[in-house]
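The structure appears right after this line, and notes come after that.
The values are calculated or read from the model by the stated rules, or taken from the named source; none is laboratory data. Just so it is clear, the structure is predicted and the values come from calculations on it, not from any experiment. Ideal geometry is used to build each Cβ from the backbone, glycine not excepted, and the neighbour counts take in all protein chains shown. Each accessible area value is taken on the protein alone, full model and side chains, heavy atoms only, with ligands, DNA and RNA left out. Shrake-Rupley method; radii C 1.70, N 1.55, O 1.52, S 1.80 Å.
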Amino acid sequence: MDRVHRRGILIAAGAVRIGILAGNRAASPHTLQSFLQGLHDLGYVEARNVRIEFRDAEGHPERLPALVAELLALKVDIVFAPSTPAALATKQATMTVPIVFAGAADPVTDGLVTSLARPGGNVTGLSNLSAGVVGKRLEQLKQAAPRVSRVAVLWHQGGTDGRTERDMLKAAEIAAQSLGVHLQLVETRGPADFERAFSEMTKMHANALTVLPIAIFSFERRRLVDLAAKNRLPVAYPAREYVDAGGLMSYGANLADLHRRAGIYVDRIVKGAKPGDLPVEQPTKFELVINLKTAKDLGLTIPPSVLARADEVVQ
């Protein structure tokens, strides 16, 4: 029996089983809750017409393959693997079970789909266009802190696909040249290396920082925010979750909204659509969020023109 026909029987019988592969559920519980709310809004109620199977790598990506195997052993009908590492681990494990991602930086370059318009295979979802937004994020930082002249870029080799990583760094370099700021690339090997990375920024006399959209940074965002405060660095982050944790500012797609909309993809697949025929959705809106309390702590006065453009200002 083909999988599409099997899903039709399952939904008729009220027994759809959805696997969720989280990279670190504790770090961003609200995004997964947004996904579940999206399903609920579409009429999915656990224990009535859907069963949810959670697996959580708890910030250890090396655990993902084993967790995927557990979900597949449970005969889940679809896997929601929001992050790029989770989606790649799932794709490597199955060519038949449908996979939906949310917030992948560059799903084509990362090898998740063949193209955005025609994903092909068993994978589709939502992209946050991270590589293309890196330059704009640096521009927003310069406008918020005009005196900035030396900006560090925190990156983590292997945190995403090598080509995607290079594209993001290239976008930052191009933006830095046009803004007349000196860019300093600072690599970190992981959370245990954060202190050393910030010490390197100090030695380089960096007076601002931007952080690349990499999963391990999001999982450890409170540590990064604390270190930025300790070193008195204004930082532009890739998502509002960092600002909620006390960061200065963020510019990027709304991750909670991407997770909520992923429920629509799951619903369409459950009802018979093929993942490979569902175009990858790209964000149409990017939000600028600014934390005025953090700005005050840094002794930074955000220009009124920047505050006027902000989608949200945290007092």
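Observations, loosely collected:
- Selection status of Gly132, small (Gly, Ala, Ser) and at positive phi: no
- Scope region 120-145; condition at pLDDT 90 or above, open to solvent by 10 Å² or more (accessible area, probe 1.4 Å) and not in a helix (DSSP H, G or I); matching residues: Gly120, Gly121, Asn122
Yes/no matrix, rows are residues, columns are (1) in contact with a Pro (Cβ under 7 Å, 6 or more places away or on another chain); (2) modelled with pLDDT under 95:
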{"site": "Ile214", "(1), (2)": "no, yes"}
{"site": "Leu224", "(1), (2)": "no, no"}
{"site": "Tyr237", "(1), (2)": "no, no"}
{"site": "Ala253", "(1), (2)": "yes, yes"}
{"site": "Tyr265", "(1), (2)": "no, no"}
{"site": "Thr294", "(1), (2)": "no, no"}
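- Among the residues listed as Ser199, Ser178, Ser250, Ser218, the single one being touching a strand residue (DSSP E or B) at 6+ places or on another chain (Cβ under 7 Å) and on the phi < 0 side of the Ramachandran plot: Ser250
- Every residue from region 271-297 that is touching a Phe, Trp or Tyr at 6+ places or on another chain (Cβ under 7 Å) and part of a strand (DSSP E or B): Leu288
This table checks each residue for (1) surrounded by fewer than 18 Cβ atoms within 10 Å (Cβ to Cβ); (2) within 14 Å of the chain's Cα centre (by Cα); (3) closer than 22 Å to Ala105 by Cβ; (4) of a type in the set (Phe, Trp, Tyr).
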{"site": "Gly247", "(1), (2), (3), (4)": "no, no, yes, no"}
{"site": "Tyr251", "(1), (2), (3), (4)": "no, yes, yes, yes"}
{"site": "Leu258", "(1), (2), (3), (4)": "no, yes, yes, no"}
{"site": "Val270", "(1), (2), (3), (4)": "no, no, no, no"}
{"site": "Lys274", "(1), (2), (3), (4)": "yes, no, no, no"}
{"site": "Asp277", "(1), (2), (3), (4)": "yes, no, no, no"}
{"site": "Leu292", "(1), (2), (3), (4)": "yes, no, no, no"}
{"site": "Asp297", "(1), (2), (3), (4)": "yes, no, no, no"}
{"site": "Pro303", "(1), (2), (3), (4)": "yes, no, no, no"}
